[in-house]
Number of protein chains: 2
Amino acid sequence: MSAGANPEANVFKSEIFEGNLRQVELAGTTETVLYGGDRPFEQVAEAFASTPQIAVIGWSSQGPAQAQNLRESLAEVGSDTRVVVGLRPGSPSIKSAEAAGFDFESGTLMTVEKALGTSMMSLALIADAAMAEHGHELVNMMPTAATLGLSHGFWLGHLEARGEKPRQDIEIIGACPKGMGPSVRYLYEQGSGINASFAVAQVGQAAEGSQPARERALGWSVGIGSPYTFQTTLENEWRSDIFGERSILLGGVHGILEATYAAKIQQRYEPEAAFEQTVESLVGPISRTISHEGLLGILDELDEGGREEFAKAYNTAYPVLERLISKIYTDVSSTREIAEVVDDNANDMPMTQVDGTDMWRVGERVRAKRAGTTEDDIAIDPTVAGIYVAGMMAQVDVLREHGHHWSEVVNESIIEAVDSLNPFMKARGVAYMVDNCSTTARRGSRKWAPAFQTRIAQAVIPVLDGTRTQEDQHDYFSAFKQHDVHQVLGVLGKMRPSIDISVE
Amino acid sequence: MSAGANPEANVFKSEIFEGNLRQVELAGTTETVLYGGDRPFEQVAEAFASTPQIAVIGWSSQGPAQAQNLRESLAEVGSDTRVVVGLRPGSPSIKSAEAAGFDFESGTLMTVEKALGTSMMSLALIADAAMAEHGHELVNMMPTAATLGLSHGFWLGHLEARGEKPRQDIEIIGACPKGMGPSVRYLYEQGSGINASFAVAQVGQAAEGSQPARERALGWSVGIGSPYTFQTTLENEWRSDIFGERSILLGGVHGILEATYAAKIQQRYEPEAAFEQTVESLVGPISRTISHEGLLGILDELDEGGREEFAKAYNTAYPVLERLISKIYTDVSSTREIAEVVDDNANDMPMTQVDGTDMWRVGERVRAKRAGTTEDDIAIDPTVAGIYVAGMMAQVDVLREHGHHWSEVVNESIIEAVDSLNPFMKARGVAYMVDNCSTTARRGSRKWAPAFQTRIAQAVIPVLDGTRTQEDQHDYFSAFKQHDVHQVLGVLGKMRPSIDISVE
């Protein structure tokens, strides 16, 4: 299935959540969004009025976050719906689930088989690899007309790669937070969840008396604390999600930093100075400025010389990264990336230590020194900012070309980066950011970061240091300044919760 | 189709070439090889006695080399078989083909359609991308019971990826030189061709009176000057070939050099010194020693401290590179690599300048200074040698695990590297080596070199510089010293032509 033609309106209705819907105008397109779900409201109870039990299957990244958020939200709005966790006997996660208050005695912790068999709604939040291997088998444990909830379209992409279909009598819905599980939980505890998309992927035999699939998908999204929920399809979800993590969110940012750091070392900077001007600048003022002021905010923070340097870096990097990122979209959309991950998992391919390089060893020292100080003496490096923003914009443009709606585009390309992921890299380094994501993301990030690094070393750095001239003289920077994305980010920025994530 | 179980004997018979066959014992397995084809012998005329015309289609890498070698060989043995070249009207290659003595007037240069339509044997030596796009169409221009010659199984792999089959009434044979076209020509002019594999992939309706397909495949291999011809299948050919160029032959050697150079720059070596200790060492004494003395020859050239350093580098790199190389084999064998190349070609994805990095700009200066001097003052760097040989051995082991015969394994992993490819990198740099290969190789090399570079930077360099300890304490170096490959290389080394390639 292709990702669809250029989208126009992305609107939906909801009887239960009608008062919480907003129509937003994003660069000339209209989208309906469910706004304000960072704290739950009573309608969540109504959405699940005929759903006595919701099972969360698995306890890795999303499982703990969603099970706890959902349980607390349902309690807060006085719902009778019970959240239970299903784990396989002997699972090492049992202790952690018990510590979070799910236990066998009270019947809120049970085997996977029992959880699936006794719940009319089950959220399959297990690892992609396990879902690829056991998906059909798990789904066969569900009652007729039950609802399968997915927080990621990976399994459906895997089935597409193999020419298979899921069991047809069940409903399949999605609520897909645009951030890793730990962020979903941390932010909820701090007063807000993370933006999410929702989808109704398959309408099966509706269970008697239950609310329509869309209402339960929205209730689920609000229940886990999503301040802003937008509509997508699971086909578009897995494409944009698997693509985004390979591109700017994880692989891209990592590769850009390795390349710009290596360039400074070649220029004989001291290692700590090189780290500060690249990584510290990106995870600090560059990410913060984009989060609070938008992409153009970066330009406001620079003087004229800095803006010129940014523009040169942007113009040099954009065409190089746009071609790479476009290629990544093709490789993902073809289902080849999914098949590769499934093979790597089956062959038990080890994952290297992404923070093993010289740069990240220097980073440990820099972070240790940073503890307790403010970051006011870290400046925006215009070259690092120009390359990074060029990568973000290339991702935005590629997603738009492939028909993704604006909410999905900016959440998968910008908001998730600066509000959810980069803060983890700042606090603990690149491995902590990458390895708290799914195995699919961890493998994809490892695969593509070197491609970003090498292309920048081969085609961007030599132009910036004056040893080569660029053939492509197009002024991409002017297009950037006029880009629709700024209006979109402005609208969404006004709906942003007022808190930043805090990672110790 | 899988690459088959562990092979035992790889033997064949030939009536025509019987006197030139040898049975060689390679590490306990027996292989038949056709030996001494670096200068043609009379049997070539006999093999093509009922083949009045052989068409060479295309004039890119293999086309010019094989058309000229074959024409000269057939003339030398007094054959009446004529070699013609088929090019599409307006092809920019027409001039070059004319300069090589093929012309419209004498009827040795003609359109592709005419060449295919009037020849009972046609060698399709066009680019992989063109073959993927137009293969069926071209093959349909051939007469019933004609023979299609391929120098690479790419097209059959592409058909496998798409679940298609070639036209069934034709014969399909292969003669596949283990080196790029320019090497096939240079070495022939200098008195020897390049080792090749041969295969009979499909026995169609044999044309009346023609020699069996195997005899013509052998005649073709001798005709282009292969000193040593061994048997394979085209399934094993495309797997080992596409895999080998992604691994140690192109992607691997490139990535290893970028990583070891970067490590020296981090240690504050001067750029030219860093280049000499990495690239110059590898393309110079390391490659020469392996070519003349085999892999263990490296150890003989080192003092005790050097051998210890080699062993440490080998032990550290082997498990890291073996996992990467094993993964590459899976990605190739699954047909995903072929499908990716076909997509990249269709999307006209640009290829970056592989010698754009700092290292290769330094290399230009080093090569300029080197001109006219001897290389005696370049020493074997034990760390670079240890990592490189570990990569070669990992490739050898992965190919053996997947059932490839010894001749294919050592030609695709060692002989092609040191006797055909590395001399090009030495003479003109990495881009000259990579970009004289097929588009499939050029794209694959660009894809995988960064993966080698990054894994070495993350998992090998930190162990060698003492900032991390390796968990895997297995003594891979001892296994290397005892390895079957040394006996195999010893046997094949005795059959090696006495000349080295000369690249100006």
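Of note:
- Overall form of segment A:36-231 per C-alpha gyration tensor (a/c, 1.5; a/b vs b/c): rounded
- Shortest-first distances to equivalent copies, position A:Gly117, nm, label 7 Å out along Cβ: 7.1
- In degrees, nearest ten, helix A:382-401 long axis to first principal axis of chain A (Cα): 40
- Within the accessible area of segment A:241-493 (1.4 Å probe), percent carbon and sulfur: 46
- Taking Cα centre as origin and charging only the Cβ of basic (Lys, Arg, +1) and acidic (Asp, Glu, -1) residues, the dipole magnitude of segment B:125-251 rounds to 240 debye.
- Taking every DSSP bridge with both residues inside chain B, close to 40 percent are antiparallel.
- Within straight-line cross-link reach of A:Lys95, lysines at Cα separation under 28 Å, skipping those fewer than 8 residues along the same chain: A:Lys114, A:Lys178
- Take A:Pro143, push a point 7 Å out from Cα through the beta-carbon direction, and compare it with the same point in every other copy: 7.5 nm, smallest first.
- Under 12 Å from B:Lys327, Cα to Cα: aspartates and glutamates that are on another chain or at least 8 residues apart: A:Glu340, A:Asp343, A:Asp344, A:Asp348, B:Glu337
- Sparse-neighbourhood loop sites, trypsin sites (Lys or Arg not before Pro) in segment A:206-273 - DSSP loop, at most 16 other Cβ within 10 angstrom: A:Arg268
- Cβ-Cβ distance of A:Ala346 and B:Met495, R₀ of 51 Å, FRET efficiency by 1/(1 + (r/R0)^6): the value works out to about 0.80.
- Take the Cβ atoms of B:Glu304 and B:Gln470, set R0 to 22 Å, and the FRET efficiency comes out at 0.50.
- Here is the list for segment B:7-39: GluC sites (Glu not before Pro) lying in DSSP coil, each with at most 14 other C-beta atoms within 10 angstrom of its C-beta, are B:Glu8, B:Glu15.
- Largest accessible area first, the residues B:Met433, A:Met120 order themselves as A:Met120, B:Met433 under a 1.4 Å probe with ligands, DNA and RNA left out.
- Inter-label distance, nm, simple model (7 Å from Cα along the C-beta direction), A:Ala206/B:Lys114: 7.2
- In order along segment A:71-87, the Karplus-derived 3J(HN,Hα) couplings, from 6.51 cos²θ - 1.76 cosθ + 1.60 at θ = phi - 60°, round to 4, 5, 5, 4, 5, 4, 9, x, 7, 8, 5, 9, 9, 10, 10, x, 9 Hz, and Gly and Pro are given as x.
- The Cβ shell under 10 Å around A:Ile54 holds other residues with a net charge of +3, Lys and Arg each +1, Asp and Glu each -1.
- Shape of segment A:241-493, Cα gyration tensor, a/c cut at 1.5: rounded
- The listed residues A:Asp303, B:Asp484, A:Asp344 rank as A:Asp303, B:Asp484, A:Asp344 when sorted by accessible area, largest first, using a 1.4 Å probe.
- Straight-distance crosslink candidates among lysines, where the alpha carbon sits under 18 Å from A:Lys426 and sequence neighbours closer than 8 are dropped: A:Lys369
- Over chain B, DSSP H runs of length four or greater, each weighted -39,500 (n - 2.57), average out per residue to a 222 nm ellipticity of -14500 deg cm²/dmol.
- Rounded, prolate or oblate (a/c below 1.5 giving rounded, otherwise prolate when a/b exceeds b/c) for segment A:456-504 by Cα gyration tensor: oblate
- Heavy-atom accessible area buried between chains A and B is around 3500 Å² (1.4 Å probe, both sides summed).
- When nucleic acids and ligands are ignored and a 1.4 Å probe is applied, B:Trp155 ends up with an accessible area of around 10 Å².
- Neighbourhood charge, 12 Å Cβ-Cβ cut-off, centred on A:Val488 and excluding it, Lys, Arg +1 and Asp, Glu -1: -2
- With the simple spin-label model, which puts each label point 7 Å out from Cα in the Cβ direction, the A:Arg268 to A:Asp169 separation comes to 7.6 nm.
- Residues A:Thr469, A:Thr229, sorted by accessible area with the largest first, give A:Thr469, A:Thr229 [1.4 Å probe; ligands and nucleic acids excluded].
- Rounded accessible area of B:Arg468 (nearest 10 Å², 1.4 Å probe): 70
- Using alpha-carbon coordinates, inclination of helix A:336-346 to the longest axis of chain A, degrees: 70
- Accessible solvent surface per residue of segment B:12-59, calculated while the other protein chains remain in place, 1.4 angstrom probe, Å²: 41
- Coupling constants for segment A:285-302 follow from the phi torsions by the Karplus curve (6.51 cos²θ - 1.76 cosθ + 1.60, θ = phi - 60°), and in residue order they are x, 5, 5, 5, 5, 4, 4, 8, 10, x, 5, 5, x, 4, 5, 5, 7, 9 Hz; glycine and proline get x.
- Within the shell defined by Cβ-Cβ distances under 13 Å, the residues around B:Val200 carry a net charge of -1, with Lys and Arg each +1 and Asp and Glu each -1.
- Annotation for A:Ser334, label-to-label distances across the other copies: 1.2 nm (shortest first, one decimal, point 7 Å from Cα along Cα→Cβ).
- Summary value for segment B:241-493: 42 percent relative contact order, contacts being C-alpha pairs under 8 angstrom separated by 6+ residues.
- Rounded accessible area of A:Glu160 (nearest 10 Å², 1.4 Å probe): 60
- Measuring from each Cβ of chain B to the axis carrying B onto A, the nearest residue and its distance in whole Å come out as B:Pro450, 2.
- Relative contact order [Cα under 8 Å, 6+ residues apart], segment A:1-146, whole percent: 21
- Take every Cα pair under 8 Å whose residues are at least 6 apart in sequence, average their separation, divide by the length of chain B, and the relative contact order is 20 percent.
The values are calculated or read from the model by the stated rules, or taken from the named source; none is laboratory data. As the structure is a prediction and not an experimental result, all values here were calculated from the model. Don't worry about glycine lacking a Cβ; one is built from the backbone with ideal geometry, like all the others, and counts go over all protein chains shown. Accessible surface areas use protein heavy atoms only, side chains included; no ligands, DNA or RNA. Shrake-Rupley method; radii C 1.70, N 1.55, O 1.52, S 1.80 Å.
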